[in-house]
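The values are calculated or read from the model by the stated rules, or taken from the named source; none is laboratory data. Note that the structure is a prediction, hence the values are computed from the model and not measured. Cβ placement follows ideal geometry from the backbone for every residue including glycine, while neighbour counts extend to all protein chains displayed.
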Amino acid sequence: MKKLTIRLTVNAESKEWSIAPGDLLLDVLRREGYFGVKRGCEKGECGACTVLVEGKPINSCLMFAAQADGREVLTIEGLAHGDTLDPLQEAFLDHGASQCGFCTPGMILAAKALLEKNPNPSEREVREAMTGNYCRCTGYVKPVEAVLAAAKACRRAR
Amino acid sequence: MFDQVDAYHRPRSIREAVRLLHAGGSRARILAGGTDVIVQSDPSIRSLVDITQLGLSYIRKAGNAWAIGATTTMAELEDSAPIRGLAGGILAMAAAACGPVQLRNMATLGGNLANASPAADTAAPLLALDASVVLAGASRRRRVPLAEFFSAPGKTVLGKELLVEILVPAPPRGGRWGWSFLKLGRTESDISLVSVAAGLQLDARGTCKSARIALGAVAPVPLRAAGAEAILMGQKPTLARIAQACERVARDVSPVTDVRAPAEYRREMAGVLAGRALRDCAQQAGVTL
Amino acid sequence: MSTSVVGKNLRKVDGVKLVTGGAAFTDDIQLPGLLYGKILPSPHAHARIVRIDATRAKALAGVVAVLTYKDVPRVPHTTAGQAWPEPSPYDTYLLDSKVRFVGDRVAAVAAETRAIAEKALGLIEVEYDVLPAVLDMEQAMAAGAPVIHDEPDSTKIFDKRRNIAGYILREIGSVEEGFRECDLVIEREFRTGRQQHCAIEPHISIAWLDADARLVIRTSTQVPYHTRRQCAMILQIPVSRIRVVKPRIGGGFGGKQEMLLEDITGALALATRRPVKIEFTRAEEFYMSRTRHPQILRMKMGARRDGTIVASQMTVLATTGAYGSHATTVQGNTGSKVLPMYRAEHMRFECHVVYTNTPVAGAFRGYGCPQGFFAQESVVDELAHELKMDPVEFRRRNAIRLGDIDRLSAQLGEGREGLPRVVRSCGLYQCLDRGAAAIDWERKRTARPRPGHLKRGVGVSCTMQGSGIAGIDWASAFLKMNEDGSFYLQAGASDVGGGADTVLSQIAAETLGVTLDKIVITSGDTDITPFDVGAYASSTTIISGGAVRKAAEKVRQQVLQVAARMLDTAPENLTCGANAVSIVGDRRKSVTMTDIAMQAMYKDKLQIMDGASHYNTDSPPPFCATFAEVEVDTETGKVRVVHLVSAVDPGTAINPMQAEGQVEGAVAQGLGYTLTEELLLDELGRPRNASFLDYKIFAAKDMPKLTAILAETDEPLGPYGAKSISEVPINGPAPAIANAIYHAVGIRIRKLPIRPEDVLRELRAGGML
């Protein structure tokens, strides 16, 4: 089996990994210790494996690792700066938006991408941006509240 | 899942991509967004031909038409100002309805068409706009009207070729146009039970100069409801006329029963959705029904 | 009583690791030498294994073990996570020579990689003698139906030859007499579908032998202790040689109140002497784990003209699938928690639970109540309509009240005689009041129908549940103090995501007079934490919390003893609060918890520590009034929920934010149950929609406006007045929506899920179109 080498940036760190051509990005990320990227369905439906590639949310279960060569990937582990949590993470904590927490990394990243593009989203736009992240615990109520609150906090900070 | 894949190619030219397809035979698979390839998990795949570096992500004017590169993503279509402005934005709407944002960032227009699901959301607007696709083979390119591109569920006329471009002619000028795109699903992010893309062009007297009704998910391939269109052509659109056209739509589709809905319900909904779309088009084109 | 930690919206104690993607879940570890395990599922709904040969599979490079029924002990058991002796039939085997549903275990493989394991499955040669299958529960008891459990060593099955896993009959008074007294009797039939839990984390277990050759099982479970006991029995090793560890769980909802993968993973670990992981794919999760019990219910209720419900009778046919996990207990609840909602003098409940060659049903949030309340609350609505009474008023008139005794529960405990239930706290009426106000009931009930094809309506339902299983659910907790004035809390309880760790920590902190950050909790590890039945029956806050309160109270006494000596006074003169102990009335005379700890540990040479066990002899019901506003599209049949109000009496909400979260999540599952979710099988018993693509759960864009209301009361049997909240809100949406549809368009849908094509057909039949 011929291995490939991919060079990419993960959470602002340069990585060089040896992979098989058919490896999926989700599997490689978890193999390399990024446990925050979750396996929920492997069919690109639940969004638990969401990562940001050049700032865009994608399902890492639907991307070959080889396609990540030369790209910039952000996982949940790269969101906080040392001990300083991202406003979205703080908002999720303040609003009780994480119950079991399995969908949380994917949701937060999808929300992060939304707020980068649209700092003042409506509730409808937040729901639209998060509709690819299934949650079975929260009914989405507090996650949506948390994203709107984080957006407000970010706008105030600016 | 893809442990049998032993080669991943990222060709730099269309010629090289086609060559790799030939070399790999039935075990080579084109990879653009990957959203269908990976989900389908075909264990016979041995080589992947990644076509995202061939410069096929673009949206540009080509004479009287819009040329969309095959690897343009749904997200790019949905965000594109010209596509949003084209034909009431029906193609942009269909791209936006393709699935959640994670999917739209990867899924490509070419992939959506080449996958040829009877329910492919972008097919109905493209058919309504008389789009065609450009296929690149080893030695030549050919242009195929989209209406002739789909042959059966999951099957197209693609040989050992690459779908490289989708050409969408600007709708004919004159009079007033109205456009509509609607889909029905069990939830907001569902594969369509029925999708409809419609366009009506009315002249200065309010007579229908052009009627386009395209449907997805209600036949083996996405189709134009030619019979229903004929009922509207050359006439002033009225509620009764539109109802007649919808009855024809419901008769002319051939839906199946699946886990999403029974065939009879889809048949009926094809008529209902076509009616809503046509009434919306007529109103946009200035008619009070 | 004013509290400083209980009742506050404090951040979850495990919150930071969840929002930063910390390695907290079962799969978030790397183990050297880890093998990948996989189960070979049966392709047939009913078959005998005539020949099974794993030679070719074993010969594949990278395969380390293959197990068939010939390689493992045959120990009849139930997989239901229930207290021993489990009331469910002992009809399941680690591996068997017969398969009873498409997806049943045929063999198991452990290999170096997932790909090799999957390939190995295909190399196991199996010859089946395919038997006729029964897929339809209405055919299961018919003469000549194939017998699913014909094996002689299965026990606790009510009638093997007729495929009856369980049978229940209970009556209070005489419904026959009761109905004769009534001016109005309505009898209707209802059908409910096969819902799947769809926890975003599938079932996963990892097993290995530690350095002492003890079997360690790290697993996504709601019931670590039951799992340990059952694995010991099945694998024939002592309980003391097994450790079950429950990390963070990605959702359970009852699907993980089951010993599902732990036994087979353990068997592979024992066979290979290496760590083995089995994780279900999403498809396997749909049809090879557990589902809700589908039911056919006949509901008959009678009332006098003055609006008093006199008699109610429920007759249920349910299928438990191929194995009897939770068979009698779920269905027992359908009667015992539902009928007593109203003060009918006469009640009768009869239920047959049958086997079919279909995916196995088990525990699922609500545990039989969603089915029962769908039937009862729909008939109650019809009664109200016929009697020309407002549906809310009719319920107010008849619903259970503070001080009432529910005698039906005395007959329907968890598989045995239960205990009579006394209602010691009842916020139902506040729930009705506040819920009605939130949805604007009066105005919307009398609003004129809008013109056009969209019709709106509002409907209501009253539901209740229990809080722990009386006399059976029990828990224990242990606390010990550290130098810095903090306490380690060791609780057997299973936090499956609802925030139990936080709630238990809040209870401990409140009792000890410390801030929440001074409690460090470990839960769900059978080596470290004392026993707890696990997270089910809405028991964690009230039972596990009760144990925590008791243990904390005992530790508090020890703290006060030390402080009393330090402050030269009697313990009765002291009060705890804000991480310190002070003399009542003289706050300046105080010592900090840190001072006390250091004194105890290094001067007195005393470890402040203690534990306690707890159970209740009653199960205080939480109450829930659900109001739904719907919009029916009469051209497409689509039902859109515009607004859903769920008003709940949970007793005291220990953490109101978490409590609301439970309501919101339960309602979302209830909405799916009502409108979109159903696992479908084909004519051969194979799943047709085992994926999120084809089985639709509600996503963010699908949710209606959702209002969660907490109408708190004070329950004497619960810590700080708490009852429970995690299940009851799931019972409300289906009947509230069905009743709202009736208000909107005058049709009654009696089958779940409510599909657009069904609505359209009823509209046509009712002459509405």
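Within the range A:99-111, is there a residue that is assigned to a loop (DSSP other than H, G, I, E, B), free of Cβ contacts under 8 Å to residues at least 24 places away in the same chain and facing another protein chain (nearest Cβ under 7 Å)? The answer is yes, given that some residue of the range A:99-111 is assigned to a loop (DSSP other than H, G, I, E, B), free of Cβ contacts under 8 Å to residues at least 24 places away in the same chain and facing another protein chain (nearest Cβ under 7 Å).
Of the residues screened, C:Thr634 is not one that is of a type in the set (Val, Ile, Thr) and farther than 30 Å from C:His453 by Cβ.
Against the numbered list (1) farther than 25 Å from C:Gly250 by Cα; (2) surrounded by fewer than 21 Cβ atoms within 10 Å (Cβ to Cβ); (3) in contact with a strand residue (DSSP E or B) (Cβ under 7 Å, 6 or more places away or on another chain), A:Asn11 comes up short only at (1). Find the residue count for the range A:66-77, including only residues that are closer than 17 Å to A:Ala48 by Cα and either in a helix (DSSP H, G or I) or over 10 Å from the mean Cα position of the chain (by Cα) (or both). Residues flagged as closer than 17 Å to A:Ala48 by Cα and either in a helix (DSSP H, G or I) or over 10 Å from the mean Cα position of the chain (by Cα) (or both) within the range A:66-77 amount to 2. C:Glu683 falls short of the stated requirement of being in a loop (DSSP other than H, G, I, E, B), more than 10 Å from chain A (Cβ to nearest Cβ) and under 29 Å from C:Val503 (Cβ atoms). Being more than 15 Å from C:Val514 (Cα to Cα), away from chain A (no Cβ under 14 Å) and in a strand (DSSP E or B) is not true of C:Gly637. In the range B:155-168, the residue that is nearest to C:Ile697 (Cα to Cα) out of those that are within 19 Å of the chain's Cα centre (by Cα) and exposed (fewer than 15 other Cβ atoms within 10 Å of the Cβ) is B:Lys155. Among the residues making up the range C:526-548, those that are surrounded by 24 or more Cβ atoms within 10 Å (Cβ to Cβ) and in contact with a helix residue (DSSP H, G or I) (Cβ under 8 Å, 6 or more places away or on another chain) are C:Asp532, C:Val533, C:Gly534, C:Ala535, C:Ser538, C:Thr540, C:Thr541, C:Ile542, C:Ser544, C:Gly545, C:Gly546, C:Val548. Against the list (1) in contact (Cβ under 8 Å) with a residue 60 or more places away in the chain; (2) over 30 Å from C:Asp682 (Cα atoms), the condition C:Val63 fails is (1).
Let's see how each residue does on (1) farther than 30 Å from A:Gly47 by Cβ; (2) surrounded by fewer than 17 Cβ atoms within 10 Å (Cβ to Cβ):
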| position | (1), (2) |
| --- | --- |
| C:Gly173 | yes, yes |
| C:Glu176 | yes, yes |
| C:Phe179 | yes, no |
| C:Arg188 | yes, yes |
| C:Gly193 | no, no |
| C:Ile206 | no, no |
| C:Thr221 | no, no |
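Annotation note: of C:Glu629, C:Glu660, the sole residue that is among the charged types (D, E, K, R), under 30 Å from C:Val759 (Cβ atoms) and either touching a residue at least 24 places away in the same chain (Cβ under 8 Å) or away from every other protein chain (no Cβ under 13 Å) (or both) is C:Glu629. Whether any residue in the range A:90-104 is on the phi > 0 side of the Ramachandran plot and surrounded by 24 or more Cβ atoms within 10 Å (Cβ to Cβ) is what I want to check. Among the residues of the range A:90-104, at least one is on the phi > 0 side of the Ramachandran plot and surrounded by 24 or more Cβ atoms within 10 Å (Cβ to Cβ), which makes the answer yes. Could you tell me whether B:Thr71 is β-branched (Val, Ile, Thr) and either buried (at least 22 other Cβ atoms within 10 Å of the Cβ) or touching a Pro at 6+ places or on another chain (Cβ under 6 Å) (or both)? When the stated conditions are applied, B:Thr71 passes them.
Exactly one residue out of C:Leu60, C:Leu40, C:Leu10 is in contact with a strand residue (DSSP E or B) (Cβ under 8 Å, 6 or more places away or on another chain) and crowded, with 19+ Cβ neighbours inside 10 Å, and it is C:Leu40. If A:Gln67 satisfies every condition in (1) surrounded by fewer than 21 Cβ atoms within 10 Å (Cβ to Cβ); (2) touching a residue at least 40 places away in the same chain (Cβ under 8 Å); (3) closer than 21 Å to B:Pro100 by Cα; (4) touching an Asp or Glu at 6+ places or on another chain (Cβ under 7 Å) but one, which is the exception? Exception for A:Gln67: condition (1).
Residues in the range A:8-38 that are more than 14 Å from chain C (Cβ to nearest Cβ) and of a type in the set (D, E, K, R): A:Glu13, A:Lys15, A:Glu16.
Could you please let me know if A:Lys2 is assigned to a loop (DSSP other than H, G, I, E, B), over 16 Å from the mean Cα position of the chain (by Cα), free of Cβ contacts under 8 Å to residues at least 40 places away in the same chain and surrounded by fewer than 19 Cβ atoms within 10 Å (Cβ to Cβ)?
yes
Counting the residues of the range C:1-43 that are among the aliphatic types (A, V, I, L, M), within 11 Å of chain A (Cβ to nearest Cβ) and in contact with a Lys or Arg (Cβ under 6 Å, 6 or more places away or on another chain) gives 1. Of all the residues in the range C:686-730, those that are touching a Cys at 6+ places or on another chain (Cβ under 8 Å), within 14 Å of chain A (Cβ to nearest Cβ) and of a type in the set (Ser, Thr, Tyr) number 2.
Screening C:Ala625 with (1) crowded, with 17+ Cβ neighbours inside 10 Å; (2) assigned to a helix (DSSP H, G or I) gives one miss only, at (2).
Here A:Gly82 passes the criteria (1) more than 9 Å from chain C (Cβ to nearest Cβ); (2) modelled with pLDDT of 95 or more; (3) at positive phi except the one numbered (2).
Can you pull out every residue in the range A:51-63 that is over 16 Å from A:Lys38 (Cα atoms) and either crowded, with 24+ Cβ neighbours inside 10 Å or of a type in the set (Gly, Ala, Ser) (or both)? Answer for the range A:51-63, where residues must be over 16 Å from A:Lys38 (Cα atoms) and either crowded, with 24+ Cβ neighbours inside 10 Å or of a type in the set (Gly, Ala, Ser) (or both): just A:Gly55.
Here is a check on your reading of the model: is A:Gly55 within 12 Å of chain C (Cβ to nearest Cβ), in contact (Cβ under 8 Å) with a residue 24 or more places away in the chain and over 24 Å from C:Tyr36 (Cα atoms)? Against the criterion (within 12 Å of chain C (Cβ to nearest Cβ), in contact (Cβ under 8 Å) with a residue 24 or more places away in the chain and over 24 Å from C:Tyr36 (Cα atoms)), A:Gly55 does not qualify. Of these, B:Gly24, B:Gly33, which one is more than 23 Å from the chain's Cα centre (by Cα), within 13 Å of chain A (Cβ to nearest Cβ) and surrounded by 18 or more Cβ atoms within 10 Å (Cβ to Cβ)? Of the residues listed, the single one that is more than 23 Å from the chain's Cα centre (by Cα), within 13 Å of chain A (Cβ to nearest Cβ) and surrounded by 18 or more Cβ atoms within 10 Å (Cβ to Cβ) is B:Gly24. Scanning the range B:91-115 for residues that are of a type in the set (S, T, N, Q) and within 11 Å of chain A (Cβ to nearest Cβ), we see that the one that is farthest from the chain's Cα centre (by Cα) is B:Gln102.
Inspect all residues belonging to the range C:125-146 and state whether any of them is closer than 23 Å to C:Thr265 by Cβ and touching a strand residue (DSSP E or B) at 6+ places or on another chain (Cβ under 7 Å). Yes, some residue in the range C:125-146 is closer than 23 Å to C:Thr265 by Cβ and touching a strand residue (DSSP E or B) at 6+ places or on another chain (Cβ under 7 Å). Among the residues of the range C:379-407, the one identified as among the small types (Gly, Ala, Ser) and assigned to a loop (DSSP other than H, G, I, E, B) is C:Gly403. Of everything in the range B:68-89 that is β-branched (Val, Ile, Thr) and touching a Ser or Thr at 6+ places or on another chain (Cβ under 7 Å), the residue that is nearest to the other protein chains (Cβ to nearest Cβ) is B:Thr73.
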